[in-house]
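Okay, so here's the structure we're looking at.
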Amino acid sequence: MSLESLLIINKSGGLIYNKNFNDNIEKNINSNDMLILASTLHSAFTLTNCILPEVLQKYSESYNDSKERKENEEELDVTDSERNKFPIKVKYYPIGNKVNITTNNMIANELLRETTMIGTELFYNKKDIIDYEQVSCIRHIDSDVLDVYFYQSITGIKFISISNKKENLGVDRMTCFMMRVYSLFSDVVLKNPFYSVEMPIRKNKLFDDKIQMLVEMENLV
Amino acid sequence: MSSNISSEKTNESSTVSQVDPDYQKEIFLKQLGEHVYQQNMKKINAEFFNVTYGSFVRTLIDFYDSDADKCNEKLKAMGESIGSRLIDDFYSKVTNQIPRCSNLKDLGNTIAYVGFKMYINTVPRVIFDETNRTIKFRFESNANIFNKFVELPDDIKEKKLYYSNIVSGIIKAALAGIALNCDVEFISDTLLDDQYTDIQISNVTRIKDEVPMGQ
Amino acid sequence: MNNNLFGYEQDQGPKITQLTELNKDSSILNSFNDKNNVNNQSGTLDLESIKNNVDNGTKLSVNAAKKNYEEGHDVSMSAYLFVLLEFIKTIVSDIDNTNHSKILGDIGHDVGIRIYELVNFKLLNPKKSMSTKSALIEKMDNYKYIDNLSHGSTLNISQVPSSEEIYSYISTTTVELEESGVIKNLKHLSFITLLQFIQDTIWKYMFGKKADDIQKINEDDSSYAIIDNDPLIASLVLPAKVNEFICGIIKGVVESANYKCESVNTQILEDKTYNNKSAYIIKLQK
């Protein structure tokens, strides 16, 4: 029982989906509070990008824009030692729980049955290395009571999972979990032509079930 | 025998050092596309896909009374609706293994070798025009997976219906999803008795304000 | 030694050196080519080897890789669903007609007619014969033709040869067909064989798997049901609409096999393990 809740936030900071895995949360926090929490986390995420060290910003710009990179090539020449000062690049290894692999695979088969994925890479803890790079911004907030983990997709959809301190889950494991949520989201929700992008997800039973199944598969609840 | 092999090995390594990094990246993209398609995607019969697409397009043409302009427009609009959702599908399935595009040529290669490969299992030739800054995707005569089994009637052929115009909409909206503005259009189609099917991307610009923070 | 190791003749193409690394390379590409190997976990390719492969990037591997980029025989289900669902949305929201299910059924009907022709053509012109002539004949002799099936709810179909076997038998042998009784099945003189043909061959052609069951619904041989536990394209979103489309396909196939079909309906059955277990109920005209 370490994962408390999962939020999905769209590009402009609106909450589009949340699921609580602890009944106490639903009693004490109403949906309006959830919206405020989501936009607060979104702003915090955005603000950190503005107060980043100069070198890091330059690096991230050069990373993004090819035209500018060519023009200011000399300026942007960041040395390796400078890069190493900041946690720009995170090598990411999905954590395979060796004991549970067989049972997990069975749930994974169940999980992927109705989707369009075979999912050998992301869903069956294989030895494949997934290079995960997020140029800047928050990955993890560590407080006395709660851990908050962030994952942002390239298109700007943010996945936030909040967990209590009973178990140290680790950034890598949670990022992997949220990447899996991302692939389920893009498969189950975005396939529906009547869903308009950036709008809240309402009453999608299949998606709810899949998330519940995924959380059970990862032993997070 | 062993000495023979070792000498050939040294020859091999000398050629490796000459390989252009762009060229290597191209090969990497090709193999990544193949890898993702084989490993991550469930598959369905291509001919079934053709026949389904054809039947729906025919219904659309009937509905618009063989008005080719309206059909082209409608197909493109539908493509845009797909593309805005497809871009997330794409990124979640390549699972961040894909290198960032640093220039136009990269962009073209990525769309062709990974995008087209992943979804319709066909790889077009990429023609990059440096002076006009355009990218062309060229399908040889019968390679466009949409065009198989299809022959347009004469009246629609004269009005220039681009049968697979849905693709241009998809590319446009998908690129808009990663903050790139561009024009995508069909230039020629084998169904209109042209030699190749060409899709052109031009005027690629970056929308700075829409880049999400942290990417 | 295999001359066609890299997809071209040795005489015409560049010389192939028997280096160990290159052989490894070819095994990777073979695993790419092997379509049946997709679900095989042990035969999968890890990213590490791709990266190594790129680092070794020789011209030879590029030539071999080009072979893979010819026109394929399958596309991703993602693309299919995107296109299908978008068209369904267009029909539901744009076309001012209340009877959307009829339009979808009609489109499915068009697809069904074409698929029936395509499958028949493919079965009569196989690229490779499945096995040798004598083995085939022996196999066919083992089957016993029983058309009067027991009136149980589920048909016993284990004793009937599959359509592929029949067709390959026809195409490889010059035995008088009418004597052997095979031609009877080819024309689908009994409706059961047609049902089996849909459940097996057509379903495999479209979705890559068999439908799970055929059931007879009433005693007077007028309605039957094809049951699919996990319909491939109708399980993700809008299952009801997609099922209407599939009904149209079945109707098209049945009618182009010269049976008078009154209607094909669909129903989602309740099941504990499968969310979208669907039944396609075929009603014949009397």
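Laboratory data are not the source of any read-out in this text; all were calculated from the coordinates shown. Just so it is clear, the structure is predicted and the values come from calculations on it, not from any experiment. Cβ placement follows ideal geometry from the backbone for every residue including glycine, while neighbour counts extend to all protein chains displayed.
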(request) Compare B:Asn40, B:Asn72, B:Asn147 in a GNM of chain B, Cα atoms joined below 10 Å, and give the one with the largest fluctuation. (result) B:Asn40
(message) 7 Å from Cα along Cα→Cβ at both A:Asn219 and C:Ile268: what's the point-to-point distance in nm?
(response) 3.5
(message) I'd like the mean, over residues of B:29-36, of how many other protein chain beta carbons sit within 10 Å of each residue's own Cβ.
(response) 6
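Determine one quarter of the surface area of the Cα convex hull of chain B, which equals its mean projected area, and express it in nm² to one decimal. Before the final figure, lay out the partial values.
Values: hull surface 63.7 nm².
Projected area, direction-averaged: 15.9 nm².
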(request) Whole Å is fine, so just give me how far the alpha carbon centre of the range B:78-135 lies from that of the range A:200-217. (result) 30
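In peptide C:83-96, what is the residue-averaged number of other protein chain Cβ atoms found within 10 Å of each Cβ? Write out the running numbers ahead of the final one.
Details: counts 12, 5, 6, 12, 10, 3, 6, 10, 4, 2, 2, 5, 3, 1.
Counting Cβ atoms of other protein chains within 10 Å of each residue's Cβ and averaging gives 6.
Which length gain, in nm to one decimal place, applies between A:Lys19 and A:Ile141 when the Cα-Cα distance is subtracted from 0.36 nm times their residue separation? Let's see the in-between values first.
Values: separation 122, 0.36 × 122 = 43.92 nm, distance 1.96 nm.
Separation in residues times 0.36 nm, less the Cα-Cα distance, equals 42.0 nm.
Residues of B:77-90, mean number of Cβ from any other protein chain within 10 Å of their own Cβ, rounded to a whole number? Intermediate values should be presented prior to the final figure.
On the way: counts 3, 8, 3, 0, 7, 8, 1, 5, 12, 6, 6, 13, 13, 4.
What the average comes to for B:77-90 is 6.
What net charge do the residues around C:Lys102 carry, taking every other residue with its C-beta under 15 Å from that of C:Lys102, with Lys and Arg at +1 and Asp and Glu at -1? Intermediate results must be reported in sequence, preceding the final value.
Working: positive: C:Lys241, C:Lys251; negative: B:Asp62, C:Asp96, C:Asp106, C:Asp110, C:Glu244, C:Glu262.
Residues near C:Lys102 contribute -4 overall.
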(request) Run the dipole for chain B about the Cα centre, Lys and Arg Cβ at +1, Asp and Glu Cβ at -1, nothing else charged, and hand back the magnitude in debye, nearest 20. (result) 740
(request) Rounded to the nearest 0.05, what FRET efficiency do A:Ser2 and A:Asp209 give with R0 = 30 Å and r taken as the Cβ-Cβ distance? Could you check? (result) 0.90
